[in-house]
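Peer 1: Before I ask anything, here is the structure I am working with.
Throughout, read-outs are computed from the coordinates displayed, never taken from laboratory work. Since the model is a prediction, treat every value here as computed from it, not as a measurement. Virtual Cβ from ideal backbone geometry, glycine too; neighbours counted across all protein chains shown.
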Amino acid sequence: MTMKLSARQFKQRLGFSLLTLMTFLTVVPIIGVVIYIIYLGFPAINLEFLTGFPREGMREGGILPAIIGTFYLTLGTAIFAVPLGIGSAIYLSEYAPNNRATQLIRIAIINLAGIPSVVYGLFGLGLFVLFLGFGTSILAGSLTLSIMTLPVIISTTEEALRAVPQAFRTVSMSLGATKWQTIRKIVLPQALPGILTGVILGLERAAGETAPILFTVAAFFLPRLPNSPLDATMALPYHLYVISTQVPGMPIKIQYGTALVLLVFVLSMILIATAIRSRARARRQW
Amino acid sequence: MMSKYNAGIDPKPPKREFLITALIKAAGYSAIIFVGMIFLFLVLESLPALREVKLSNLLSSRWYPIEDYYGVLPLIGGSLIITIGATLIALPFGVGTAIYLSEIAPRWLRETLKPIVEILGGLPSVVLGFLGMLVLSPYLRIWLDLPTGLSALAGAILLGGIAIPTVVSISEDALDAVPKSYRDASLAMGATEWQTIWRVTLPAARSGVLTAAMLGIGRAIGETMAVMMVTGNAPILPTGIRDLFSPVRTMTATIAAEMGEVANNSTHYHVLFLIGIILFLISLVVNVTASAVVFRQKKSQERILS
C-alpha cells in the first residue's frame with residue numbers, strides 16, 4: 001500500500017475505523033454477558049435445581065416455585081394483554097378515523113410505553129392489591145404486567161396489520177363480506193406471524209420484569225406451588241434479586257444458576273419470536 | 001337485504017357485527033383509560049403526602065424517612081447524574097453503531113449484528129444488575145481505586161448499556177429512511193462517504209436521532225432494578241462531577257427498595273407515590289416531546305416531497 005492517501009480519504013478511514021470499534025464495543029459485551037452467565041451458571045443446573053424446592057434458607061435445593069411462578073405470571077399476562085392489545089391494534093389499523101381522538105390514543109400508547117416499570121408497580125399496588133382487594137397475588141401481578149405489556153403488543157400488531165395490502169380488504173369486501181368478516185378471515189390470518197412475534201416479545205418483557213411485581217406478587221420465600229390466581233408466588237427475576245442482594249452467604253453457583261434459568265427463559269422467547277418473523281418474511285408472497 | 005346474492009358467505013346477523021365493532025372500539029380507547037387511571041391513582045395516593053409533609057421538608061436535601069425527613073432532592077439528583085452519565089455513553093455508542101450498521105456494514109454483518117443488539121434490549125434488567133454488582137463494580141473499584149465500586153458511575157455505565165438498543169434501533173430506522181438519492185447526489189458531487197454521512201445523511205435523519213436520544217433518556221431514567229443493585233443507594237445529593245464516583249440513590253430505586261417495607265397509607269407510603277408522580281411526569285414530557293419531533297418531521301417531509 002504505497003498509494004498516498006489524501007487527507008479526506010485518511011479522515012474517512014479513521015472515521016470508519018472508529019465507528020467499527022464502537023460497534024464492536026457495543027456488541028461484544030452483549031455476547032460476553034450471555035456466554036459468561038452460561039459458563040458460570042451451567043454447573044448449578046441439575047434435576048434437583050430445576051424441579052426441587054429451595055431448602056436451607058434458599059442456599060440449597062431447587063428453584064421450581066420461582067420457575068412455575070414466572071410461568072403463571074407470563075400466562076396470566078397473556079390472558080389479559082393479548083386480546084386487549086390485538087383488539088386495540090385492530091381498531092387503530094382498521095377502524096380509527098384520522099382525527100384528534102385517534103391521535104390522543106396514540107399519545108396514550110406512547111406514554112404507556114414510557115412509564116417506568118416501578119411506577120406500574122405502584123399503580124398495581126394501589127389499584128389491584130389494595131383498592132380492588134386482590135392482595136399480593138398472581139392475579140394482581142398479571143394485571144399489572146398486562147398494562148405494561150400492552151403498548152408493545154399494540155404497536156407491533158398494528159404494524160403487522162398495516163403490512164397486509166389494502167387490495168386484500170377491497171377484494172374481500174367487494175365479494176360481499178362484512179368488515180369484521182374481512183378482518184377475521186383475511187387480514188388477521190395474513191398478519192398472524194407478525195402478531196405472534198409482537199405478542200411473544202411483549203410477554204418476554206413481562207417475564208423478565210422485577211419492579212412491577214415487587215409489591216404486587218412476589219414472595220421472598222414461599223416453598224410451595226401456588227394453587228389459585230389469588231396466591232402470592234415466587235418469580236425468577238425477583239428470586240435472582242433476592243438471592244443476590246438480600247441473603248448473606250448465598251453460594252455464587254446458585255446465583256448464576258438462577259440467572260441462567262431466567263436468561264434461557266427470556267432468550268428462548270426472543271429466539272422463537274425472531275424465528276417466526278424470519279420464516280414469515282421468507283414465505284410472504286406479497 | 002341482498003340475501004339472495006351473499007349466500008356463499010355465512011350470513012352473520014348485523015347485531016353481532018355491531019357488538020364486535022363496539023368491543024374493538026372499546027379496546028382501542030383502553031390505552032387512554034389506563035393512562036388516566038394510572039395518573040389518577042398516583043395523584044390520589046400522593047395527595048396526603050402534600051398535606052402531611054411540609055414543602056420545605058420535601059424540597060430539602062435530607063432523605064431519612066425513619067425520622068420523617070422526606071427531602072427528595074438527593075433522589076432527583078441521583079437519577080439526574082446517572083441519567084446524564086448514561087446518555088453520554090448511550091448516545092455516541094448507540095448512534096455510532098446505528099451509523100455503522102446502516103451506512104457502512106455489509107449486508108450480512110448488519111443482519112447478524114442487529115439481532116444481537118436486540119437481544120441486549122430483551123435482557124432482564126435484574127440480570128444486568130446482577131452482573132454489574134458481581135463483575136463491573138469490583139473492577140471499577142480496583143481500576144479507579146475507589147472505596148466502593150457501587151457508585152453512580154457503575155449505574156451510568158449499566159444504564160448506558162440498557163439504553164443503547166433503544167438508541168440504535170430508532171436511529172437506524174431514521175438513517176434507513178433517508179432517501180438513497182440524497183446520498184447519491186452527495187457522492188456524485190465528489191464527497192467521500194464519510195462526508196456524505198456527516199453532512200447529508202445524518203442531518204437528514206436528525207429528528208429521528210433526536211427521538212432516539214429522548215427515548216433512550218426516558219428508558220434510562222425509569223430503569224429500576226439494575227440501578228438499585230449497583231449504585232450503593234446512599235441518598236446523598238450529588239453536587240459535582242466527583243460524585244460520579246460515590247454511591248447515589250435514584251428515585252426508582254427508592255420506591256423499589258422502600259415500598260415493600262412501609263405501612264400502607266403511612267406518610268412514607270404517600271411520599272413514595274409522590275416520587276412516582278415525578279417519574280410519571282418526567283416520562284410524559286420525554287415521550288410527548290419525542291413523539292412531537294416525529295410528527296413534525298413527518299409533516300415537513302410531506303411538504304418537501306409534495
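Peer 1: Looking at segment A:1-87, which trypsin sites (Lys or Arg not before Pro) are DSSP coil and have at most 15 other C-beta atoms within 10 Å of their C-beta?
Peer 2: Working: sites: A:Lys4, A:Arg8, A:Lys11, A:Arg13, A:Arg55, A:Arg59; in loops: A:Lys4, A:Arg59.
In loop regions of segment A:1-87 (DSSP not H, G, I, E or B), the sparsely surrounded trypsin sites (Lys or Arg not before Pro) are A:Lys4, A:Arg59.
Peer 1: Placing unit charges on C-beta atoms (Lys and Arg positive, Asp and Glu negative, everything else neutral), compute the dipole magnitude of segment A:63-283 about its Cα centre in debye, rounded to 20.
Peer 2: On the way: 14 positive and 6 negative charges, 142 e Å.
Computed about the Cα centre, the dipole is about 680 debye.
Peer 1: Could you tell me what fraction of 2.2 N^0.38 Å the Cα radius of gyration of segment A:220-286 comes to, as a two-decimal ratio?
Peer 2: Working it through for segment A:220-286, the quotient is 1.64.
Peer 1: Sticking with this one: If you plug each phi of segment A:122-133 into the Karplus form 6.51 cos²θ - 1.76 cosθ + 1.60 with θ = phi - 60°, what whole-Hz ³J(HN,Hα) values come out, in order, with x for Gly and Pro?
Peer 2: 4, 4, x, 4, x, 7, 7, 6, 9, 5, 8, x
Peer 1: Over all directions, how big on average is the projection of the convex hull of the alpha-carbon atoms in segment B:176-240, in square nanometres? It would help to have the intermediate numbers written out before the result.
Peer 2: Details: hull surface 28.7 nm².
Mean shadow area of the hull around the Cα atoms is 7.2 nm².
Peer 1: For the protein assembly as shown, what is the charge dipole size about the Cα centre, in debye to the nearest 20, if Lys and Arg each add +1 at the Cβ and Asp and Glu each add -1 at the Cβ? Walk me through the numbers on the way to the answer.
Peer 2: Details: 44 positive and 29 negative charges, 449 e Å.
The calculated dipole for the protein assembly as shown is roughly 2160 debye.
Peer 1: When chain A is treated as a GNM, springs tying every alpha-carbon pair under 10 Å, which of A:Leu122, A:Leu14, A:Leu112 comes out with the largest mean-square fluctuation?
Peer 2: Answer for the Gaussian network model of chain A: A:Leu14.
Peer 1: Continuing with the same structure: Just the Kirkwood number for chain B, please: inverse of mean 1/r across all distinct Cα pairs, in Å, one decimal. Before the final figure, lay out the partial values.
Peer 2: Details: mean 1/r = 0.0444 Å⁻¹.
Computed over chain B, the radius equals 22.5 Å.
Peer 1: Using the number of other C-beta atoms within 10 angstrom as an exposure proxy, rank A:Thr233, A:Thr274 with the fewest first. Kindly include the intermediate steps, with their values, before the conclusion.
Peer 2: Working: A:Thr233 26, A:Thr274 16.
The fewest-first ordering by Cβ neighbours comes to A:Thr274, A:Thr233.
Peer 1: Another question about this same structure. Of all the stretches in chain B, which is the longest one without any exposed loop site, taking trypsin sites (Lys or Arg not before Pro) in a DSSP loop (any state but H, G, I, E, B) with at most 16 other Cβ atoms within 10 Å?
Peer 2: That would be B:63-306.
Peer 1: Can you put A:His239, B:His268 in order, fewest other beta carbons within 10 Å first?
Peer 2: Exposure proxy ranking, most exposed first: B:His268, A:His239.
Peer 1: HN-Hα J couplings of segment B:127-136 from phi, Karplus 6.51/-1.76/1.60, θ = phi - 60°, integer Hz, Gly and Pro as x?
Peer 2: Working through the residues one at a time gives 5, 5, x, 4, 5, x, 6, 8, 10, 5 Hz.
Peer 1: Summarise the partner chain shielding of A:11-21 as one whole number: the mean count of Cβ atoms from other chains within 10 Å of each residue's Cβ.
Peer 2: That average works out to 5.
Peer 1: Compute a Gaussian network model of chain A, connecting alpha carbons closer than 10 Å, and tell me which residue from A:Ala218, A:Ala101, A:Ala160 fluctuates the most.
Peer 2: Answer for the Gaussian network model of chain A: A:Ala101.
Peer 1: Another question, then. Quick check on the exposure proxy: order B:Ser137, B:Ser171, A:Ser155, A:Ser278 from fewest to most C-beta atoms within 10 angstrom.
Peer 2: By the 10 Å Cβ count, ascending, the order reads A:Ser278, A:Ser155, B:Ser137, B:Ser171.
Peer 1: Let me ask something else. Size of segment B:14-54 along its principal axes in angstrom, Cα-based, largest extent first?
Peer 2: 60, 13, 6
Peer 1: Follow-up. Using only the alpha carbons of segment A:63-283, what is the convex hull's orientation-averaged projected area in square nanometres?
Peer 2: 14.2
Peer 1: Something else about it: Identify which of A:Ser228, A:Ser88, A:Ser146 has the largest mean-square fluctuation in a Gaussian network model of chain A, with springs joining Cα atoms closer than 10 Å.
Peer 2: In this elastic network of chain A, the residue with the biggest mean-square fluctuation among A:Ser228, A:Ser88, A:Ser146 is A:Ser228.
Peer 1: Ok, one more. Once the convex hull of the alpha carbons of the protein assembly as shown is built, what does its volume come to per residue, in cubic angstrom?
Peer 2: Given the Cα convex hull of the protein assembly as shown, per-residue volume reads 201 Å³.
Peer 1: Quantify how strongly other chains surround peptide A:170-183 by giving the mean number of their Cβ atoms within 10 Å of each of its Cβ atoms.
Peer 2: The mean count of partner-chain Cβ atoms within 10 Å per residue comes to 3.
Peer 1: Name the residues whose placed amide hydrogens come within less than 5 Å of the amide hydrogen of A:Glu60, ignoring near sequence neighbours (fewer than 5 apart) on the same chain.
Peer 2: Those lying under 5 Å, H to H, from A:Glu60 are A:Arg55.
Peer 1: Collect residues whose amide H, placed 1.01 Å from N in the peptide plane, falls under 5 Å from the amide H of B:Tyr69; neighbours closer than 5 in sequence don't count.
Peer 2: B:Tyr64
Peer 1: Same structure, new question: Check which residues have an amide H placed less than 5 Å from A:Ala219's amide H, if you skip close sequence neighbours.
Peer 2: Close amide H contacts, sequence-distant or interchain: A:Thr233, A:Met234, A:Ala235.
Peer 1: Kindly write out, for segment A:38-50 in residue order, the coupling ³J(HN,Hα) from the Karplus curve 6.51 cos²θ - 1.76 cosθ + 1.60 (θ = phi - 60°), rounded to whole Hz, with x marking Gly and Pro.
Peer 2: So the J values, rounded to whole Hz, are 4, 4, 7, x, 4, x, 7, 7, 8, 4, 5, 4, 7.
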